[in-house]
Amino acid sequence: MKRVYMDHAAATPVRKQVIEAMLPYFDEDFGNPSAVYDIGSKIREVIEEQRGSVARLIGAESDEIIFTSSGAEANNLAIKGVALAWQKKGKHIIVSAIEHHSVINSARFLERMDFEVTFLPVDKHGLVDPERLSSAITPETILVSIMHANNEIGTIEPISELSAICRERGVIFHTDAVATVGNIPVDVNELDVDLLSISGASLGAPKGIGALYFRDNLRLMPLIHGGIQERGRRGGTENVPGIVGLGKASELAEKELPDKVSRVQELRDLLIAGVHERIEQIRYTGHPEKRLPGHASFCIAAIEGEALLFMLNQEGIYANTGSACASKALKISPVLVAIGIPPDLAQGSIVFTMSSSNNLEEIEYVLEKLPLAVDKLRSLSPVWRRKRAS
Amino acid sequence: MYSETVMDHFSNPRNAGDIADADGIGEVGNPVCGDMMTFYIKVKDDRLIDVKFKTFGCVAAIAVSSMVSEMAKGKTIEEAKAITKKAVAEALKGLPKEKMHCSNLGAKALGEAIKDYEEKKTWKTKICNE
């Protein structure tokens, strides 16, 4: 069966070149990088080269990169690591209401440890208001964490504007850039952030590897205590194949980025225009312009997202949803709640995230199958009949 | 995640639609919670000669509705009343644990349709007797 994969925010395939680069580090070059003999020290050098590749992709210095097990760990290390290291200065942190679970739940954990947390609301497009951030900062505030882009609604936040406010007020600024690194240009100096999280899984590297950028030896409490790996900031023998995978994927991403952005943006615009033409009563979610180039998200009235995903799945189309029924907790995506989508409409959420591996033919295929699936579910829906009558 | 039987009923729902001159209509849930089911029944000689449904909801909700309609069609009122959530889940070869309560509303919606039919019948009888 045809397979049209449009859930790149959830996972990306590992590139052939990336797999090839990783392979020797499973058996041939298996040494422990902390060992003093040559097969160990050789690996140490390889790790440092990869650190350089990751740093180059985001305009950082290589000694500003810590390898982690995932984007979620990078977020945990940024939030808890800063809070624990700086708590003598103050115990207030600010995060947006649409952050990833790894940020939200790290903040909630700190609340239980007697920190005060402000969850900043966003507007109907998912944007954080700089003035609102400014007035939320108190003399107790030590950290602000606002994501670079949201992977459910695609909105890109005005990070440099937000970080400037924090810089002026002496507050550390972190951004979760899992959704942006490899999808749009990301430069830590332009964004002027102190910490930035990266995930391998959304960059064409394998799952199980991520990285945290931290500026100029910023003081951080390690979360994994162990040896002096990552200069004492994260214990545990390094995931060498994963690190090589992330390094290679970063190198490829840097080269291919300009071409990728224009290509996926064209596909996305065709998809959005086509969906609007073919399906009535839908709401486009996220910001119309300030959004990820390969990201299209909608709420479709009178149907439920999980059922729609399964129906598309039967046609070989893979997408995502923020519907309550599709989540293990059976709760509507907090992001859709935060941007004010009514709960019944939020049930019909669907998200397509594209990459350069997608093509025009696939967009046409989705535009053929999606309206059929929507029609079928609407024909079953008692709500749809009422909507039309009203 | 879902059994083959669930996927079959989801992909090819039996008895989907409505009955314009239904003898009883039952509705449970609401779209805000994620699931809403409406059942329509046609009764003759104390037997459900037709059962139809409309459902807003996930894969499980649609499959449950379809299965309940199939189980109830042709049954007597008393037999149809005896259809339980558990029996529906078993007929579907199991439902994911988290879906047992929110999506398994079919039997309840059918029960509401029967109740509606019985209330209307009582009312009609009363009018005739007066």
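Worth a mention:
- No other residue among A:ALA9, A:ALA35, A:ALA78 is closer than 23 Å to A:SER355 by Cβ and out of contact with any Lys or Arg (no Cβ under 8 Å at 6 or more places or on another chain) apart from A:ALA9.
Okay, residues lined up against (1) of a type outside the set (Val, Ile, Thr); (2) more than 21 Å from A:ASP194 (Cα to Cα); (3) in contact (Cβ under 8 Å) with a residue 24 or more places away in the chain:
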position: A:ILE93; (1), (2), (3): no, no, yes
position: A:SER96; (1), (2), (3): yes, no, yes
position: A:SER106; (1), (2), (3): yes, no, yes
position: A:GLU111; (1), (2), (3): yes, yes, no
position: A:PHE119; (1), (2), (3): yes, no, yes
position: A:VAL122; (1), (2), (3): no, yes, yes
position: A:LEU127; (1), (2), (3): yes, no, yes
position: A:GLU140; (1), (2), (3): yes, no, yes
position: A:SER145; (1), (2), (3): yes, no, yes
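- Within the range A:40-72, the residues that satisfy the criterion of being part of a helix (DSSP H, G or I) and within 19 Å of A:PHE173 (Cβ to Cβ) are A:ALA55, A:GLU64, A:GLY71.
- Wholly enclosed helices (runs of 4 or more DSSP H) of the range A:126-240 bearing at least 1 residues of a type in the set (Gly, Ala, Ser): A:130-136, A:159-169
- Pair list, Cβ < 7 Å and 6+ apart or interchain, from the range A:322-333 residues that are within 8 Å of another protein chain (Cβ to nearest Cβ) and under 12 Å from B:LYS97 (Cα atoms) to residues that are of a type outside the set (A, V, I, L, M) and in a loop (DSSP other than H, G, I, E, B): A:LYS328/B:GLU98; A:LEU330/B:GLU98
- Any hit, the range A:288-300, residues being among the β-branched types (Val, Ile, Thr), out of contact with any Gly (no Cβ under 6 Å at 6 or more places or on another chain) and within 13 Å of another protein chain (Cβ to nearest Cβ): no
- Within the range A:343-366, considering residues that are modelled with pLDDT of 95 or more, farther than 14 Å from A:THR321 by Cα and under 26 Å from the mean Cα position of the chain (by Cα), the one nearest to the other protein chains (Cβ to nearest Cβ): A:VAL366
- Scanning the range A:317-335 for residues that are out of contact with any strand residue (DSSP E or B) (no Cβ under 6 Å at 6 or more places or on another chain) and either in a loop (DSSP other than H, G, I, E, B) or of a type in the set (A, V, I, L, M) (or both) yields a count of 10.
- Residue list for the range A:264-299, filter: surrounded by 20 or more Cβ atoms within 10 Å (Cβ to Cβ), among the charged types (D, E, K, R) and either over 17 Å from the mean Cα position of the chain (by Cα) or in a helix (DSSP H, G or I) (or both): A:ARG268
- Single unsatisfied condition, B:MET37 versus (1) more than 8 Å from chain A (Cβ to nearest Cβ); (2) touching a residue at least 60 places away in the same chain (Cβ under 8 Å): (1)
- Residue list for the range B:15-34, filter: part of a loop (DSSP other than H, G, I, E, B), more than 8 Å from chain A (Cβ to nearest Cβ), buried (at least 17 other Cβ atoms within 10 Å of the Cβ) and not hydrophobic (A, V, I, L, M, F, W, C): B:ASN15, B:ASP23
- Residue ID - nearest to A:ARG378 (Cα to Cα), chosen from residues in the range B:41-69 that are buried (at least 24 other Cβ atoms within 10 Å of the Cβ) and more than 10 Å from chain A (Cβ to nearest Cβ): B:VAL64
Quick grid of which residues meet (1) aliphatic (A, V, I, L, M); (2) on the phi > 0 side of the Ramachandran plot; (3) in contact with a helix residue (DSSP H, G or I) (Cβ under 6 Å, 6 or more places away or on another chain); (4) not assigned by TED's automatic domain parsing to the domain that holds A:ASP187:
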| position | (1), (2), (3), (4) |
| --- | --- |
| A:ARG231 | no, yes, no, no |
| A:VAL240 | yes, no, yes, no |
| A:ALA249 | yes, no, yes, no |
| A:VAL264 | yes, no, no, yes |
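The values are calculated or read from the model by the stated rules, or taken from the named source; none is laboratory data. Just so we're clear, the structure is a prediction, and the values are computed from it rather than from any experiment. Quick reminder, even Gly has a Cβ in these numbers, built from the backbone with ideal geometry, and neighbours come from all protein chains shown.
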